[in-house]
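*Asks:* Here it is: the structure, laid out below.
The values are calculated or read from the model by the stated rules, or taken from the named source; none is laboratory data. Note that this is a predicted model, so its numbers are computed, not measured. For neighbour counting, all protein chains shown are included, and Cβ atoms are generated from backbone atoms with ideal geometry for every residue, glycine included.
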Amino acid sequence: MPNQKPILHNTLFLLILLSVLTNVGRVISKSTIEPCSNADTCNALLGYTLYTDLKVSEVASLFQVDSIAILTANAIDISYPDVENHILPAQLFLKVPITCSCVDGIRKSVSTKYKTRPSDTLASIADSIYSGLVSADQIKEANSISDPSVLDVGQTLVVPLPCTCFNGTDNSLPAIYLSYVVKPVDTLTGIAARYLTTITDLMNVNAMGSAAIKAGDILAVPLPACASNFPRYASDYGLIVPNGSYAITASHCVQCSCGPGSLKLYCMPSSLAVSCSSMQCRRSNLMLGNATAQQTSAGCNVTSCSYGGYVNGTIISSLSASLQPRCPGTQQFPPLIAPPSSVVHDSVFAPSPSPQSSDGAGTTKPKSTVMPTTTGIVPLLAPASSPVASASSDAWSLVNSLATFPSALLFFLFVNFIMSMSL
């Protein structure tokens, strides 16, 4: 009888190999986790890619946020007729403003609820509808689901979403953090360039030991922003506006903007203002956002009417006077875009360029964005306020590993197996 040991050994080897190959495509993605110990909240952003054509109001309903807040966060012109019913195209990338809370000792947003529809699965809700911002396991755990294969139509699910605060600063400057889902084509260099930061900063913020990233990872990306200084009892306490965008506050009565050229928050009456409390500073003819300037031999006397928060339905304004070296020029505003109806590939709604410095001759010089080479990068120690990188979130679905595994290697193994069978 022929010796069958080689055949048995090779058969066993092939079975083990196939088992490995069918599981190698399961990508365990990492997300940045910020520990917390108090009940405070902050404003944060989600990087969301539309899975299908959706109205602005439908996107807002998906995250339980204000439609106007989504439009202004992306510098989309809200003066267009019926803009909240404008249909946004599939694959459009948007920044969605959310409130980031402290839940079970870590930062996350738990204000989003989703009502299940026919044919929904936890995987489709996580990977498609919420574009990988959450995993099926996280939804299962948040809702204590024992059997994920059984979902009742109309069932309301809590959708825990990633977010970070880090005290609203990055390198001691005001910042708001965007939770960004890494795409297959992304590199850390490309993400750093897109959001005008450095590889080093991204690695420090996300406590990364190397610049290697993979599809499905969720990174915390710091965006330069204009911070407010409203009292804690104001309903819009902690308002922070990303550079190059807007925010509507005080029951749609006040519009605040950030940039270009300055990270100083500027607020004025909103175009949506209908029934609002007075926005005129007391003992002055100045309205919110207005200023007067008078040049003197000692400098420029500037008197301005500034927004101080929204308290019990009342718009707080304050009149201030200061002596400045030179009189301020005309207030500049971030450029607005029309509500998008198509997607330009390889383009996303990233923040406007960081504030620029003048060379004194009327021209501007962009801030340096030094991006060090990734060659030879050594693991960096995370700063005290940095997050803890976690590999516990399955934020990416199964991929067809056999399709992605090198075909030449598979062919070689197959031929080797056939030859061994013939021995």
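*Asks:* List pairs: first residue in the stretch 231-249 and farther than 14 Å from residue 267 by Cα, second residue acidic (Asp, Glu) anywhere in the structure, Cβ distance under 9 angstrom, at least six positions apart or on different chains.
*Replies:* 238/40
*Asks:* Within the stretch 80-98, how many residues are among the aromatic types (Phe, Trp, Tyr) and more than 16 Å from the chain's Cα centre (by Cα)?
*Replies:* The number of residues fulfilling the criteria is 1.
Results for (1) at pLDDT 95 or above; (2) surrounded by fewer than 23 Cβ atoms within 10 Å (Cβ to Cβ); (3) touching a Cys at 6+ places or on another chain (Cβ under 7 Å); (4) within 30 Å of residue 265 (Cβ to Cβ), shown as yes or no for each residue.
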| site | (1), (2), (3), (4) |
| --- | --- |
| 134 | yes, no, no, no |
| 139 | yes, yes, no, no |
| 145 | no, yes, no, no |
| 158 | yes, yes, no, no |
| 180 | yes, no, no, yes |
| 183 | yes, yes, no, no |
| 200 | yes, yes, no, yes |
| 206 | yes, no, no, yes |
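*Asks:* Inside the stretch 68-110, can you point out the residues that are acidic (Asp, Glu) and either under 30 Å from residue 35 (Cβ atoms) or crowded, with 19+ Cβ neighbours inside 10 Å (or both)?
*Replies:* 104
*Asks:* Ok, one more. Can you say whether residue 281 is over 25 Å from the mean Cα position of the chain (by Cα), buried (at least 18 other Cβ atoms within 10 Å of the Cβ) and over 25 Å from residue 98 (Cβ atoms), as far as the supplied structure shows?
*Replies:* yes
*Asks:* I'd like to know if the stretch 163-182 contains one or more residues that are assigned to a loop (DSSP other than H, G, I, E, B), free of Cβ contacts under 8 Å to residues at least 40 places away in the same chain and of a type in the set (Ser, Thr, Tyr).
*Replies:* Yes, because at least one residue in the stretch 163-182 is assigned to a loop (DSSP other than H, G, I, E, B), free of Cβ contacts under 8 Å to residues at least 40 places away in the same chain and of a type in the set (Ser, Thr, Tyr).
*Asks:* If you don't mind, another one. So, in the stretch 103-156, exactly how many residues are acidic (Asp, Glu) and either assigned to a helix (DSSP H, G or I) or in contact with a strand residue (DSSP E or B) (Cβ under 6 Å, 6 or more places away or on another chain) (or both)?
*Replies:* So the count comes out to 3.
Condition check ((1) outside any helix (DSSP H, G or I); (2) under 20 Å from residue 32 (Cα atoms); (3) of a type in the set (A, V, I, L, M)) across all residues:
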residue: 203; (1), (2), (3): no, yes, yes
residue: 208; (1), (2), (3): yes, yes, yes
residue: 216; (1), (2), (3): yes, yes, no
residue: 223; (1), (2), (3): yes, yes, yes
residue: 229; (1), (2), (3): yes, no, no
residue: 236; (1), (2), (3): yes, no, no
residue: 248; (1), (2), (3): yes, no, yes
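*Asks:* Moving to a separate point now. Can you tell me which residue among 300, 327 is over 36 Å from the mean Cα position of the chain (by Cα), outside any strand (DSSP E or B), modelled with pLDDT of 90 or more and surrounded by 12 or more Cβ atoms within 10 Å (Cβ to Cβ)?
*Replies:* Only one candidate passes the filter, namely 327.
*Asks:* Of all residues in the stretch 111-126 being in contact with a Gly (Cβ under 9 Å, 6 or more places away or on another chain) and among the charged types (D, E, K, R), which is surrounded by the most Cβ atoms within 10 Å (Cβ to Cβ)?
*Replies:* Going through the qualifying residues, I end up with 117.
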